[in-house]
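Below you'll find the structure, written out as structure tokens, and then a few comments.
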Amino acid sequence: MRNTARWATTLGLTAAAVCVPLSGAAQAAGGAAPSALYAPSALVLTVGHGDSAMTVTPERAVTLTCAPGPSGTHPAADAACAEMNRLGGDLAALTMREGVFCTKQYDPVLVTVDGVWRGQRVSYERIFSNECVMNAHGSSVFAF
């Protein structure tokens with residue numbers, strides 16, 4: 001049941017993140033054709049403690065929309081979009097920053113990212129050994 005609730009929440013937040021910016025642009029245009037088209041980039045990011053997506057209950061969730069401009073509920077949307085652009089949307093390319101030292105305490109943190117990046121479906125899931133390790137990867141993307 002938890003997995004069903006997680007997917008329902010993710011689907012609802014993704015739909016809102018994609019549709020709200022698009023509907024606002026349509027209303028602003030006042031019926032005229034938009035001046036520029038762009039591929040949508042809207043993501044839902046969740047974080048929870050545990051080591052299995054089937055059993056983890058998301059503790060925090062945010063939306064991140066990067067096209068046409070940074071927005072959403074992510075507290076550092078500008079920086080997160082800049083980092084996502086630098087990575088080309090490939091979250092697997094995130095590496096641990098040099099000079100960061102973390103304890104070897106095992107307190108797993110599960111991060112999920114679902115949505116659309118430049119018109120392409122994105123589904124990312126990663127388990128970090130603890131929050132320090134998670135924060136050392138993707139300093140702005142996972143900072144919520």
Return the pair list, or none, for Cβ contacts closer than 6 Å from residues in the stretch 64-79 that are at negative phi and without any contact (Cβ under 8 Å) to a residue 24 or more places away in the chain to residues that are buried (at least 16 other Cβ atoms within 10 Å of the Cβ) and in a helix (DSSP H, G or I), at least 6 apart or on different chains. P70/A77; P70/C81
Kindly indicate whether any position in the stretch 54-61 is out of contact with any Lys or Arg (no Cβ under 9 Å at 6 or more places or on another chain) and assigned to a strand (DSSP E or B). yes
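Do we find that N130 is touching a Cys at 6+ places or on another chain (Cβ under 8 Å) and either over 19 Å from Y38 (Cα atoms) or open to solvent by 70 Å² or more (accessible area, probe 1.4 Å) (or both) in this structure? Walk me through how you get there before you give the answer.
Values: touching a Cys at 6+ places or on another chain (Cβ under 8 Å): yes; either over 19 Å from Y38 (Cα atoms) or open to solvent by 70 Å² or more (accessible area, probe 1.4 Å) (or both): yes.
Spelling it out, N130 is indeed touching a Cys at 6+ places or on another chain (Cβ under 8 Å) and either over 19 Å from Y38 (Cα atoms) or open to solvent by 70 Å² or more (accessible area, probe 1.4 Å) (or both).
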Filter the stretch 44-79 for residues that are among the polar types (S, T, N, Q) and surrounded by fewer than 16 Cβ atoms within 10 Å (Cβ to Cβ) and give the result. S52, T55, T57
Which condition number does F144 fail, the rest of (1) touching a Pro at 6+ places or on another chain (Cβ under 6 Å); (2) in a loop (DSSP other than H, G, I, E, B); (3) surrounded by fewer than 16 Cβ atoms within 10 Å (Cβ to Cβ) being met? (3)
Residue pairs within 8 Å by beta carbon, gap of at least six or interchain, first lying in the stretch 42-57 and charged (D, E, K, R), second crowded, with 18+ Cβ neighbours inside 10 Å and not in a loop (DSSP other than H, G, I, E, B), listed first then second, are D51/L110
Run G138 past the list (1) surrounded by 15 or more Cβ atoms within 10 Å (Cβ to Cβ); (2) at pLDDT 85 or above; (3) of a type in the set (G, A, S) and report the number of the one that doesn't hold. (2)
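Which one is farthest from L64 (Cα to Cα) among residues in the stretch 74-99 that are part of a helix (DSSP H, G or I) and of a type in the set (D, E, K, R)?
Residues of the stretch 74-99 part of a helix (DSSP H, G or I): 77-87, 91-93.
Checking the rest, the ones that are also of a type in the set (D, E, K, R) come to 78, 83, 86.
Details: D78: 9, E83: 12, R86: 15 Å.
Residue satisfying both the conditions and the ranking: R86.
Kindly indicate whether any position in the stretch 94-107 is under 22 Å from Y38 (Cα atoms), of a type outside the set (S, T, N, Q) and buried (at least 17 other Cβ atoms within 10 Å of the Cβ).
no
The values are calculated or read from the model by the stated rules, or taken from the named source; none is laboratory data. Note that this is a predicted model, so its numbers are computed, not measured. We place every Cβ from the backbone using ideal geometry, glycine too, and count neighbours over all the protein chains shown. Keep in mind that these areas ignore ligands, DNA and RNA; they rest on the heavy atoms of the full protein, side chains included. Shrake-Rupley method; radii C 1.70, N 1.55, O 1.52, S 1.80 Å.
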